[in-house]
Every structure is written in structure tokens, then in C-alpha cells.
Amino acid sequence: MKAMKIWDIIKEDFEKPSNLDEGWKNNAMAAVLAVSGLFGKAHAAGGHETPRVNAPQSLNKDSIRLNLSNVFTSGKYLFHSEDKDALESELKKFGLQIQKNPNTNIIIQIVSSESQVPNYDNETANHIKLGPWILAQRRAETAKFLISQFIEDLKKKSVFNGSVNFTNPDVKIGTAKWNPEIGKDNSVYTKDQYVQINIKFVPDDNAKKDTAVNFSAYADRGEVVHLGDQTWAMIFYPSRKTNSADNAGNLNTGQENVLLKTVKPNTALTGVKDEKGVYLGSYVIPSQWWNKNVSSNTLTPELIKVITGTPEWRQGN
């Protein structure tokens, strides 16, 4: 039976006790602000080092999964100061992904699961027994509060400009029947005790249109870019639909970018910008950097590392 089917029947059991100390929200906001500050304007200007975190578990190239299981100790469903490190680690992963996708839309689903081990409310002094689903649901509510506040602060700092949609939480309970002889810490039960946040990044259609418009500003035909004696890419200059650097608008003054499109090895080239099945990726490079570093359209391995390792230059295929 899905949790949603029984909520109306035992709704009063889900309501958090009125005698709870609301100080947990102050603790939560302190942790949220500490991490969001790493991604503000000061960070963009070089005021902070890039947060060093373990890579999030990837679902696919457009999604990540955060694990908040370690934020909640036994019988707890609010945020406490001792949970700060566990929360900050996950928020940093999320912030780094947002920084790479500042204008995309986000779809978030919280998955909160509990086992059939008897749960007791350790947020109150009387430690009353909680019915099935209740602990998982309350943790889902707290997880949503934490993530929502983090996103809101990143929006205030203009780090993130997309929209956010929370789907209905997926509240689960394990199927293994409670057996005191096995013990509550047995993997039969612990595997069903977790809180995960699945986050999907959905590109804005307008952003895709803007990319197409930007690409149309470059010449239809380009020039070969070499790595040693091999063809590595094609370069397309902007303005006036020309493949001549001398006639490419303000190119030589560093006021226009150039479009570099990497090519598949051993592929016959016609030099056409929109040719299908030829290009691997596209990079819009500041012409000031290009003119300063590249000689005779020939690259070095070191320059290639700079180009391919600079995400703000990457534009898609």
C-alpha cells in the first residue's frame, strides 16, 4: 500500500508535536548559508576556493543523487548541529552541479524509506512510539526544507536562475518483517533505512534557441585546426559570413569569439559548420585568448587541455 493512501486516515500522527524546539531551523539555516556562500559572487570573483567534495552518485549526465541518510540519527527527523558535516558535504555536491547548470530547470524527488524496525520519536522527551511511515515522512519534509532553503539562497545570490519543481515525495517502508532476534542493525533492515534526493537538470528550451542563434553568427565554412600533423578541429570566425580572419569583424581586437568544433578522427571534411556526423563538440572561445595562444591554427596538447577543460566554453555538439 502506498503511503499516500493512508495519510488521511492517520493524518494526526504525521503532525509534528507542538512542543518541538524550532531552534533546529536556525541550525539548518546556518549550515545552508555556510555552503551557499561558497557559490556566491565572492566565489565567482576568486574569493573562495572551489569546494572539494566527492563526486555525487550519477544517475545520468543530467541527474545526480544526494544521500541525506547520515543527516538523521536513530529516531530523529529534524536537523541538529552535529549533523552539519553530513549535510554540508551533500549540499556542496549539489552546488557544484548548479554552478555548471545555472540556467537549467530542476526537478526534485525526495525518496525516504524506513524499515519495519519499531521507531520511537527521539525529538521529544517522552519518546513515543511512531506508527509505520511516520518517521520516513517527517524526514522527507525536513529534507525538502533543507534543499528548498539552499536553492532559495543560491537564487538570491544569482548563482541559479532556473525553476524548481518538487514532485510528490516517495515514502517507502521495507518488506522485511520485524524480528527482535535478528536485531535492528541487521542489513535486512538497514538497507531500507535511507533518505535520497534525486535531482534532474532539464535545459531550458529558450537556452537551446539562444545557442542556435549564437551559432548562426559564425561563418558557414571554417579553417582546419591542427594538432601536430593531424586535423583536430575546425575553427569558424564570426561576422560577415566569412572564413577569413582579416574580414571577421572585430576579431583581431579581441571583441568577438571564435567557434571551435572538434572533429572525429579520420573523418573526411568539407569544412561546413553544420555537417552531420563529423563533429564531436563545440567551444565558443574568446578570440583574445585564441589570438594570444594559437599560432598558425596549430594547437599543443597543453592548449587542448585548457580548451576542453573550460566548461563555460562548451556549447554542445
- Message: If I stretch the segment between Gln315 and Asn165 completely, what's the gain in nm (0.36 nm per residue apart, minus their alpha carbon distance), one decimal?
- Response: 51.5 nm
- Task: Beyond 26 Å between alpha-carbons counts as too far, so tell me which of Lys144/Lys200; Lys84/Lys177; Lys92/Lys156; Lys93/Lys155; Lys156/Lys305 fall in that bin.
- Result: Lys84/Lys177; Lys156/Lys305
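Go through 178-188, 123-133 and give me the packing order, highest mean Cβ count within 10 Å leading. Can you show the working numbers first?
Values: 178-188: 12.0, 123-133: 14.0.
By packing density, highest mean first, the sequence is 123-133, 178-188.
Could you line up Lys276, Lys264 from fewest to most neighbouring Cβ atoms inside 10 Å?
Values: Lys276 7, Lys264 10.
Ranking Lys276, Lys264 by Cβ neighbours within 10 Å, fewest first, gives Lys276, Lys264.
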- Query: Around Gly37, with a cut-off of 9 angstrom between Cβ atoms, what is the net charge of the other residues, counting Lys and Arg +1 and Asp and Glu -1?
  - Reply: 0
- Based on Cβ point charges of +1 for Lys and Arg and -1 for Asp and Glu, what charge dipole magnitude is obtained for region 60-189 about its Cα centre, in debye rounded to the nearest 20? 400 debye
- Query: Order of Met234, Met29 from fewest to most other C-beta atoms within 10 Å?
  - Reply: Met29, Met234
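Where a number appears in this text, it was derived from the coordinates with a stated rule and is not lab data. Just so we're clear, the structure is a prediction, and the values are computed from it rather than from any experiment. No Cβ is skipped: glycine too gets one built from the backbone with ideal geometry, and neighbour counts run over all protein chains shown.
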